[in-house]
2 protein chains.
Amino acid sequence: MKPQKLALIGCGLMGGSFALAARRAGWASHIHGFSASETTRHKALALGVIDQAHESIEKTVEGADLVLLAVPLSATAQCFEAIAQAMPSSALLMDVGSTKSDVVAVAQTTLAGKLSCFVPAHPIAGKEVAGIEHADADLYQNRQVILTPTASSGVLQVALAQEIWRSLGGHVFQMTPAQHDATFAAVSHVPHLLAYALINAIAAQADGAQWLAMGGPGFRDFSRIAASDPVIWRDILMANRHEVLRQTALLRQALEDFETALQQGQPKVLQQLIAKASATRAAWRLSGSSDSDV
Amino acid sequence: MKPQKLALIGCGLMGGSFALAARRAGWASHIHGFSASETTRHKALALGVIDQAHESIEKTVEGADLVLLAVPLSATAQCFEAIAQAMPSSALLMDVGSTKSDVVAVAQTTLAGKLSCFVPAHPIAGKEVAGIEHADADLYQNRQVILTPTASSGVLQVALAQEIWRSLGGHVFQMTPAQHDATFAAVSHVPHLLAYALINAIAAQADGAQWLAMGGPGFRDFSRIAASDPVIWRDILMANRHEVLRQTALLRQALEDFETALQQGQPKVLQQLIAKASATRAAWRLSGSSDSDV
């Protein structure tokens with residue numbers, strides 16, 4: 001039942017971790033990998049993440065049971081076109097992109113007769129460091145994985161996609177691409193923007209470097225996501241900009257509530273605003289986590 | 001040299017952790033504690049954090065070598081007045097408040113002849129949970145401790161304050177109260193505001209609860225500080241509101257740079273903005289931490 005030949009398009013953190021996890025789960029006996037970079041292909045082979053490296057996408061996906069696309073969003077269209085030409089019609093194709101409406105739109109114009117093979121996926125996992133040298137078989141363990149099947153996605157492909165992510169330790173959810181993009185604009189993309197904006201706002205001030213050096217554990221955790229990869233996050237924010245801008249407008253209003261209470265010297269209002277946020281966050285739990293992992 | 005009789009005014013997370021750490025460091029052979037709450041006094045005794053509980057501040061500080069004030073900022077003035085009446089002139093008095101200009105101003109109007117005893121202190125440590133039951137002898141280990149001596153602070157008191165915090169594992173820095181408040185508006189108070197505002201902005205939307213449930217590890221870390229105590233943080237933000245508002249205005253501008261790049265479809269500009277933040281954060285290290293503790 002489980003795929004034997006895995007074709008990895010993009011040998012980075014996400015794809016490499018998928019390959020390591022798949023191998024450990026006992027399927028994916030042959031892993032073929034494509035990377036545009038020769039250095040990356042060599043690293044992927046040397047690290048034992050892939051069994052065979054290819055210089056063309058077409059060769060990589062020939063005869064594949066499962067094709068995993070794990071490249072920055074801006075490379076998606078070009079990769080889909082090459083994949084569609086050479087992938088067997090019986091294969092399952094998934095991506096791991098952090099936005100879904102744009103990927104589905106690109107799939108509809110590029111995958112042609114292979115559209116039914118495609119099940120869009122977004123595992124909620126990552127690191128602030130990119131590259132295959134950071135690949136980790138545990139990356140998807142206990143993490144949420146969102147599938148956003150299209151009207152064209154094959155029923156068997158969707159079922160297999162669920163089975164595959166569960167075998168890697170993921171908790172699988174389904175939603176529409178639009179629901180996905182609204183959700184992650186709010187709980188992922190805007191937090192990244194805020195962390196970037198805070199760092200830039202501080203660093204631009206005369207004493208900014210000294211101030212940053214004094215940051216404690218709260219600052220460390222709040223700003224951790226600001227270290228994430230500029231190309232990957234440029235693509236995510238651009239692709240989902242309408243939802244992101246809708247959420248930053250609401251964030252500005254919520255921030256203004258706090259600023260007004262401070263400006264007008266209203267400690268009771270301020271306390272209520274904090275208490276609301278504090279109660280919400282104190283009750284929050286990372287999906288699939290133990291109680292202590294908050 | 002080291003203080004034997006420690007008087008703890010306020011038996012919460014910060015004060016309780018100080019007492020446990022002092023005891024472990026081998027000084028503070030007698031620890032007296034005051035709390036306005038009878039329940040807290042009983043807990044502090046039962047947990048072995050203090051040796052003796054008192055219902056009045058005056059009795060607690062009688063004959064003390066060291067008085068540590070660890071109460072919400074809004075209770076500072078009242079506590080200082082009681083402390084000044086009964087504390088020996090030879091004692092060292094420190095607070096642990098997260099703002100310093102306001103505490104120094106209050107000290108100058110309430111401590112009278114005991115002003116030279118006072119060395120304002122701010123250990124950069126805490127938890128999202130309050131209360132003595134979470135007290136932890138390791139809380140100050142490898143954490144920064146900011147001292148902001150006033151013109152009236154005694155030289156011996158300042159030297160003893162440094163020695164004490166170092167004995168608890170802290171890294172001691174000195175700055176002026178104004179420098180302190182500008183620094184921590186930027187790297188602590190505004191991050192708290194942003195985390196609160198984000199949670200409130202999401203929770204206020206129709207699908208907000210569902211969206212929050214999908215947050216991953218990035219959301220967890222970014223929003224951790226939003227769970228912090230509403231009374232303590234009301235006081236901090238109110239006390240430092242001028243610096244906080246100056247920083248939120250700059251944050252809004254930095255956020256607008258990102259929003260404009262998104263609105264105008266400028267991926268290159270967006271990538272530059274992210275790259276600046278990402279490089280700054282990737283090079284950042286928590287003071288006193290190992291390289292892996294970023």
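Observations, loosely collected:
- Residue mean of other protein chain beta carbons inside 10 Å, A:258-268: 4
- Nearest 10 degrees, 0 to 90: helix A:13-25 Cα axis against chain A principal axis: 60 degrees
- For chain B, size of Cβ-based charge dipole, Lys and Arg +1, Asp and Glu -1, in debye: 460 debye
- Under the shape rule built on the C-alpha gyration tensor, where the axes satisfy a ≥ b ≥ c, the stretch B:1-66 is oblate, since a/c reaches at least 1.5 while a/b does not exceed b/c.
- Largest to smallest accessible area among A:H171, B:H54, A:H42 [probe 1.4 Å]: A:H42, A:H171, B:H54
- Of all DSSP-defined beta bridges confined to the protein assembly as shown, some 10% are antiparallel rather than parallel.
- Sorted largest first by accessible area at a 1.4 angstrom probe radius, with every protein chain in place, the residues B:L286, A:L160 fall in the order A:L160, B:L286.
- For chain A, the 222 nm mean residue ellipticity estimated from helices alone, with every DSSP H stretch of n ≥ 4 adding -39500 (n - 2.57) and the total spread over all residues, rounds to -15000 deg cm²/dmol.
- Cα gyration tensor shape of the stretch B:5-175, rounded if a/c is under 1.5, else prolate or oblate by comparing a/b with b/c: rounded
- Cα gyration tensor shape for the protein assembly as shown, rounded if a/c is under 1.5, else prolate or oblate: prolate
- The stretch B:60-133 versus the stretch B:144-171: alpha-carbon centroid distance in Å: 13 Å
- Principal-axis analysis of the Cα atoms of chain B puts helix B:230-239 at an angle of about 90° to the longest axis.
- For the stretch A:60-101, the share of accessible area belonging to carbon and sulfur comes to 43 percent (1.4 Å probe, ligands and nucleic acids excluded).
- Where the stretch A:94-178 is the region considered: accessible area per residue in Å², 1.4 Å probe: 37 Å²
- Cross-link pairs A:K276/B:K5; A:K2/A:K100; A:K276/B:K127; A:K5/A:K43; B:K100/B:K127 - those with Cα-Cα distance over 29 Å: A:K276/B:K5
- Comment: the Cα-to-Cβ extended label point of B:D136, at 7 Å, lies 2.0 nm from its counterparts in the other copies, nearest first.
- Between identical copies, the spacing of B:A206 label points, each set 7 Å from Cα toward the C-beta atom, reads 5.1 nm from nearest to farthest.
- Among B:S223, B:S56, the order of accessible area from largest down is B:S56, B:S223, computed with a 1.4 Å probe on protein heavy atoms.
- Chains A and B together bury roughly 7800 Å² of accessible area, counting both sides, with a 1.4 Å probe on protein heavy atoms only.
- Using the Cβ-Cβ distance between A:E38 and A:D138 with R0 set to 30 Å, the FRET efficiency works out to roughly 0.60.
- Basic side chains Lys and Arg get +1 at the Cβ, acidic Asp and Glu get -1 at the Cβ, and with that the dipole of the stretch A:179-283 about its Cα centre reaches some 200 debye.
- Against chain A, whose longest principal axis is taken from its Cα atoms, helix A:190-203 shows a tilt of about 60°.
- Within 10 Å of the Cβ of each residue in A:109-118, the mean number of Cβ atoms contributed by other protein chains is 0.
- Label geometry 7 Å along the beta-carbon vector: A:T260 inter-copy distances in nm: 2.7
- Average accessible surface area per residue within the stretch A:187-266, 1.4 Å rolling probe, Å²: 32 Å²
The values are calculated or read from the model by the stated rules, or taken from the named source; none is laboratory data. On a predicted model such as this, the values are computed, not experimentally measured, just so you know. Positions of Cβ are backbone-derived with ideal geometry, glycine not excepted, and every protein chain shown enters the neighbour counts. Keep in mind that these areas ignore ligands, DNA and RNA; they rest on the heavy atoms of the full protein, side chains included. Shrake-Rupley method; radii C 1.70, N 1.55, O 1.52, S 1.80 Å.
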